[in-house]
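Asks: This is the structure I have questions about; it appears just below.
Read-outs: derived from the displayed coordinates by stated rules, not from any lab. Here the structure is a predicted model, which is why all the values come from computation and not from measurement. Counting neighbours? That spans all protein chains shown, and the Cβs are built from the backbone with ideal geometry, glycine included.
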Amino acid sequence: MKKEEYISVANYFNKRKRLLRAALIFQKSAEVFIYAAYPVFLIWLALNRNPFFWRSVISCGVGFVAVSLARRLINAERPYKKYGFTPLIKKETEGNSMPSRHCFSASVIAVNISAVFLPLGVFIGVLAILIAVLRVLFGVHFIRDVAVGLIIGLVVGATVFI
């Protein structure tokens, strides 16, 4: 999106406080659901001695560290800093925009869970896409940031199938 589009979206949401509040609550709830589902999934795998346990721990853990390091090396500017506007969610980070760790984490968790519980994994995958859209609309990421985060999560998550 361009500067004018980010500002237009911010103005749209700022004029509709209830919609903004609902979108913020939805995003936070989706994140909490995903981040709570993953340890429950790991506990279930461990209790059932499922061979995906260590694959899931390693793919998510190593992937998260790699994405975090890549963000520091790339140190991409965030839309609100580049274009000089206030994002719709409280954020003060100077850089580290690309790739999005929220999107990486949600998509890698979705793929891992899909390996054992396909319907739940698909549901989490849909939530991951919605989180990506909202993070762009809220002005904290560019489309490329969330797209790269989602794709890396899919690729890294696919390692559980190998």
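Asks: Between Y83 and V126, how many nm apart are label points set 7 Å from Cα along the C-beta direction?
Replies: About 2.9 nm, to one decimal.
Asks: Hey, with R₀ at 45 Å, roughly what FRET efficiency would E4 and V32 work out to, going by the Cβ-Cβ distance, to 0.05?
Replies: For E4 and V32, the calculated efficiency is 0.85.
Asks: In region 1-91, what trypsin sites (Lys or Arg not before Pro) fall in a loop by DSSP, with at most 11 other Cβ atoms inside 10 Å? Provide the component values of the computation, followed by the final result.
Replies: Values: sites: K2, K3, K15, R16, K17, R18, R21, K28, R49, R55, R71, R72, K81, K82, K90, K91; in loops: K2, R16, R49, K90, K91.
Filter output for region 1-91: K2, R49, K90.
Asks: Where does helix 52-74 land angle-wise versus the long Cα axis of the chain, in degrees 0 to 90, nearest 10?
Replies: 30
Asks: Can you list the lysines whose alpha carbon is less than 18 Å from that of K28, not counting same-chain residues fewer than 8 positions off?
Replies: Cα-Cα hits under 18 Å: K17, K90, K91.
Asks: Only helical DSSP H runs with n ≥ 4 go in: add -39500 (n - 2.57) per run for the chain, normalise by residue count and round the 222 nm mean residue ellipticity to 500 deg cm²/dmol.
Replies: Per the formula, -25000 deg cm²/dmol.
Asks: Still on this structure, please answer the following. Label point 7 Å out from R144 along Cα-to-Cβ: which residues of region 86-124 have amide N under 15 Å?
Replies: Those under the cut-off are 96-100.
Asks: Pop a pseudo-label 7 angstrom from the Cα along the beta-carbon direction at both I58 and I162 and give the gap in nm to one decimal.
Replies: 1.0
Asks: So which residue, out of V40, V148, V108, gets the largest mean-square fluctuation from a GNM of the chain using Cα contacts under 10 Å as springs?
Replies: For the chain, modelled as a Gaussian network with Cα springs under 10 Å, the answer is V40.
Asks: Using alpha-carbon pairs under 8 Å, 6+ residues apart, how would you state the relative contact order of the chain in percent? Provide the component values of the computation, followed by the final result.
Replies: Numbers: 218 pairs, mean separation 46.6, N = 162.
Relative contact order for the chain comes out at 29 percent.
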